[in-house]
Amino acid sequence: MLRFPPWKIVLVLVTLVIGAAMCLPNFPSLDRYFGWMPTGPVKLGLDLRGGASILLEVDPADLQTNKIRSLSRDVRSALSQRPGVITSQREAVGSELHVRTRDPADAEEAMRRIRKLGDPPVGAIGAANTLSVTQRGDGTIIVSLTPEAVEKLQAEALSNSMESVRRRVDNSGTVEPNIQMQGENRIIVEVPGLDDPTQLIDVITKTGVLTFNLVDVQANPADYEVGVPRNGRIALPDSSQDGRIQVIFEDPIITGSDLQSAAQSFDQSNRPNISFQLRPAGAQRFGKATTENIGKPFAIVLDNSIVSAPNIISPITGGSGQITGSFTLEEAQALAIVLKSGELPAKLQVAERRVVGAGLGADSIRMGVTASVVGIGLVAVFMIAAYGLLGVFSVIALLCNLFMMMGVLSGFGATLTLPGIAGILLTMGMAVDYNVLIFERIREEKRHGRGAVSSVDVGYNEAMGTIIDANVTHLIAALVMFNLGSGPVRGFALTLAIGILTSFFTAVIVARLVMSGWLMWVRPRAIPI
């Protein structure tokens with residue numbers, strides 16, 4: 001078993017060379033020789049590099065409210081189909097939609113049509129209706145989402161929010177951001193080198209819901225509650241007129257999804273604004289609406305606030321325009337990024353914000369490197385003192401393990417954090433644990449009178465089962481921590497999992513190859529242990 005066939009020796013050596021080559025970019029002095037390598041140095045986490053960490057939380061109440069308001073428009077459309085069902089009330093109340101028919105005899109037909117809106121798509125296997133439709137004693141129809149629909153809605157919202165946040169962070173010009181989901185409704189954003197995250201938070205938490213709506217000049221704002229849809233209309237504050245309330249039609253002409261591009265620009269008076277270009281379908285609808293409503297005002301609404309409400313002087317058929325308002329240059333730039341990146345399905349709340357200074361990160365690196373050197377040095381001294389030449393073999397394997405770990409981290413673009421350094425140190429100790437098991441078994445076989453080759457062969461074979469069991473249990477624990485843990489815990493779990501695999505390779509295979517070569521070269525009668 002100690003004889004390695006040539007192909008296996010070549011495979012082990014090639015693996016070591018690849019691991020070492022992937023590790024070399026981490027040494028700046030060698031960068032000019034190995035700059036052509038496809039891998040770069042290990043990415044450093046915020047605790048080592050400095051920067052800002054922002055923990056965002058999707059607002060579930062706002063998510064359901066938005067869904068119910070969207071459902072309200074669908075209900076109106078469904079009930080208006082011939083024969084029409086006339087309603088005396090259609091109002092979104094929190095996570096419920098209240099509908100009352102003018103004729104109580106129409107309630108059953110209204111409920112049937114509303115339930116149909118929640119039917120799963122044709123061909124969907126195992127899908128159920130997403131709406132709960134009931135009727136109170138006073139005749140009011142209560143429409144809400146089923147628990148399964150709420151759960152699916154939250155999962156989709158988290159995924160969509162993460163993609164929108166990623167686009168906004170990328171468009172803001174930040175370098176090497178780390179954006180990850182955390183739990184069922186949280187997103188963590190880590191931006192290295194950012195000292196003040198205030199402006200970035202403003203960009204990524206702005207909902208960015210843009211609509212163009214016609215203004216109902218005949219409606220009396222005093223008859224409406226601000227922000228509550230009623231009878232196909234909604235009253236909103238107009239920021240361009242000191243917050244004066246205007247009533248607009250609820251159904252938009254176009255929405256943010258119709259935007260093809262958006263960019264910060266300047267008007268003729270050199271005031272900052274946002275220029276936009278519509279997609280063909282949106283441009284066609286906008287052109288038709290402006291042609292039919294010349295002389296009437298339309299409102300540009302952003303996040304339930306009217307930015308401006310210009311009059312339609314002539315048809316706008318080109319599909320391009322400008323959003324004007326009392327913007328500063330920074331506000332216009334941020335708004336352009338938000339509109340270009342797409343709207344959020346719900347509000348994002350900042351659950352936590354943390355800033356790590358670059359100086360503190362440098363101190364952490366220095367302390368981590370010092371701890372690593374001291375720890376590995378003490379382990380090496382102990383192994384050589386306890387096992388002599390065999391300890392030297394284990395130290396060689398230990399150094400190979402360190403290079404392999406750093407190479408894998410570099411190759412996969414993993415981020416190294418301070419807990420990750422702790423995981424590396426723990427891995428170094430675990431790696432020599434395997435050698436201790438093997439060496440003690442070899443020592444025991446030597447006491448039983450076995451020769452050098454036989455002692456080493458039996459020692460490795462007998463210890464292998466224990467080593468594999470330990471590796472499997474440690475790997476399972478690392479995977480559980482990685483899947484269920486947060487940022488620091490995931491960093492520790494990642495380096496631990498990588499270290500378990502590289503430790504097994506170096507402590508068992510590499511050390512065994514070195515020992516096999518020594519036995520074949522020196523041919524000792526007994527193992528010096």
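The values are calculated or read from the model by the stated rules, or taken from the named source; none is laboratory data. A quick note: this is a predicted structure, and the numbers were derived from the prediction, not measured. When we count neighbours, we look across all protein chains shown, and the Cβ atoms used for this are built from the backbone with ideal geometry, even at glycine.
Which numbered condition in (1) touching a helix residue (DSSP H, G or I) at 6+ places or on another chain (Cβ under 8 Å); (2) part of a loop (DSSP other than H, G, I, E, B) is the only one that Asn401 fails?
Of (1) touching a helix residue (DSSP H, G or I) at 6+ places or on another chain (Cβ under 8 Å); (2) part of a loop (DSSP other than H, G, I, E, B), only one is false for Asn401: (2).
Does Phe492 satisfy the condition of being more than 23 Å from Ile442 (Cα to Cα), in the same structural domain as Val408 (by TED's automatic domain parsing) and touching a residue at least 60 places away in the same chain (Cβ under 8 Å)?
yes
State which residue pairs qualify: first residue among the aromatic types (Phe, Trp, Tyr) and inside the range 442-465, second residue surrounded by 15 or more Cβ atoms within 10 Å (Cβ to Cβ) and not in a loop (DSSP other than H, G, I, E, B) in any location, beta carbons under 9 Å apart, and separation of 6 or more residues or different chains.
Qualifying pairs under 9 Å: Tyr460/Ile438; Tyr460/Arg441; Tyr460/Ile442; Tyr460/Val508; Tyr460/Arg512; Tyr460/Met515.
Can you pull out the strands (runs of 3 or more DSSP E) entirely within the range 50-167 that have at least 3 residues that are under 22 Å from Val338 (Cα atoms)?
The strands (runs of 3 or more DSSP E) meeting that bar are 51-58.
Results for (1) out of contact with any Asp or Glu (no Cβ under 8 Å at 6 or more places or on another chain); (2) under 23 Å from Ala299 (Cα atoms); (3) not β-branched (Val, Ile, Thr), shown as yes or no for each residue.
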| site | (1), (2), (3) |
| --- | --- |
| Thr207 | no, yes, no |
| Asp216 | yes, yes, yes |
| Asp223 | yes, yes, yes |
| Val226 | yes, yes, no |
| Ser275 | yes, yes, yes |
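Which of the residues that make up the range 291-332 are assigned to a helix (DSSP H, G or I) and crowded, with 19+ Cβ neighbours inside 10 Å?
Ala332
Only one of Asp59, Asp31 is surrounded by 12 or more Cβ atoms within 10 Å (Cβ to Cβ), of a type outside the set (Lys, Arg) and at pLDDT below 80. Can you tell me which?
The conditions single out Asp31.
Inspect the range 272-279 for any residue being among the β-branched types (Val, Ile, Thr), free of Cβ contacts under 8 Å to residues at least 60 places away in the same chain and touching a Phe, Trp or Tyr at 6+ places or on another chain (Cβ under 8 Å) and give the result as yes or no.
no
Being assigned by TED's automatic domain parsing to the domain that holds Thr211, among the hydroxyl-bearing types (Ser, Thr, Tyr) and under 26 Å from Gly51 (Cβ atoms) narrows it down to one of Ser320, Ser341, Ser314, Ser326, so name that one.
That would be Ser341, the only listed residue that is assigned by TED's automatic domain parsing to the domain that holds Thr211, among the hydroxyl-bearing types (Ser, Thr, Tyr) and under 26 Å from Gly51 (Cβ atoms).
Applying the selection to the range 255-302, what residues are over 17 Å from Ser341 (Cα atoms) and aromatic (Phe, Trp, Tyr)?
Answer for the range 255-302, where residues must be over 17 Å from Ser341 (Cα atoms) and aromatic (Phe, Trp, Tyr): Phe266, Phe286, Phe298.
Sort through Ala127, Ala92 and tell me the only one that's modelled with pLDDT under 85 and in contact with a helix residue (DSSP H, G or I) (Cβ under 6 Å, 6 or more places away or on another chain).
Criteria check complete, one pass: Ala92.
Looking only at the range 417-459, filter to residues that are among the polar types (S, T, N, Q) and closer than 19 Å to Cys400 by Cβ; which one of those is surrounded by the fewest Cβ atoms within 10 Å (Cβ to Cβ)?
Step by step, filter the range 417-459, then rank; the result is Thr427.
Being loosely packed, with under 14 Cβ neighbours inside 10 Å, outside the structural domain of Lys347 (by TED's automatic domain parsing) and either farther than 20 Å from Phe298 by Cα or modelled with pLDDT under 90 (or both), is that true of even one residue in the range 189-197?
yes
Within the range 354-375, how many residues are part of a helix (DSSP H, G or I) and buried (at least 20 other Cβ atoms within 10 Å of the Cβ)?
Number satisfying all stated conditions: 3.
Has the range 469-480 got at least one residue that is surrounded by 20 or more Cβ atoms within 10 Å (Cβ to Cβ), small (Gly, Ala, Ser) and under 30 Å from Met181 (Cα atoms)?
Checking the range 469-480: at least one residue is surrounded by 20 or more Cβ atoms within 10 Å (Cβ to Cβ), small (Gly, Ala, Ser) and under 30 Å from Met181 (Cα atoms).
Please pick out the residue among Ser269, Ser257 that is surrounded by fewer than 16 Cβ atoms within 10 Å (Cβ to Cβ), within 24 Å of Ala346 (Cβ to Cβ) and at pLDDT below 85.
Ser257
Quick one: in the range 274-287, which of the residues that are aliphatic (A, V, I, L, M) and in a strand (DSSP E or B) is surrounded by the fewest Cβ atoms within 10 Å (Cβ to Cβ)?
Ranking the qualifying residues of the range 274-287, first place goes to Leu278.
Counting only residues that are of a type in the set (Lys, Arg), over 30 Å from Val165 (Cβ atoms) and in contact (Cβ under 8 Å) with a residue 24 or more places away in the chain, how many does the range 206-251 have?
Qualifying residue count, the range 206-251: 1.
Among the numbered conditions (1) over 20 Å from Ile337 (Cβ atoms); (2) surrounded by fewer than 19 Cβ atoms within 10 Å (Cβ to Cβ), tell me where Asn185 comes up short.
Checking Asn185 against (1) over 20 Å from Ile337 (Cβ atoms); (2) surrounded by fewer than 19 Cβ atoms within 10 Å (Cβ to Cβ), the one that fails is (2).
Kindly state which strands (runs of 3 or more DSSP E) lie completely within the range 180-273 and contain at least 3 residues that are farther than 30 Å from Val93 by Cβ.
186-192, 259-266
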